[in-house]
Amino acid sequence: MAIEVCDANMTYVEDHLDEAGGAFLPGGHWCPWDSKPTRELKG
């Protein structure tokens, strides 16, 4: 699997959510390249 298959912006994901899990966002993994962490969540 290529890393590009999990890259998408939020609007695209929302518009194609019914396709997630197959060829689009396989395994439900989303890794938007243009995102950046703003803070750490403690669990």
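What's the percent breakdown of Cα-Cα distances in the chain across 10 Å bins, shortest bin first?
28, 47, 24, 1
Provide the FRET efficiency to the nearest 0.05 for the VAL5-GLU40 pair, computing r from the beta carbons and using R0 = 25 Å. Can you show the working numbers first?
On the way: r = 27 Å, r/R0 = 1.07.
Working from the Cβ atoms, E equals 0.40.
Which one, CYS6, PRO26, GLY43, projects farthest toward the positive side of the charge dipole computed for the chain from Cβ point charges (K/R +1, D/E -1)?
So the residue we want is GLY43.
Read-outs: derived from the displayed coordinates by stated rules, not from any lab. Here the structure is a predicted model, which is why all the values come from computation and not from measurement. For neighbour counting, all protein chains shown are included, and Cβ atoms are generated from backbone atoms with ideal geometry for every residue, glycine included.
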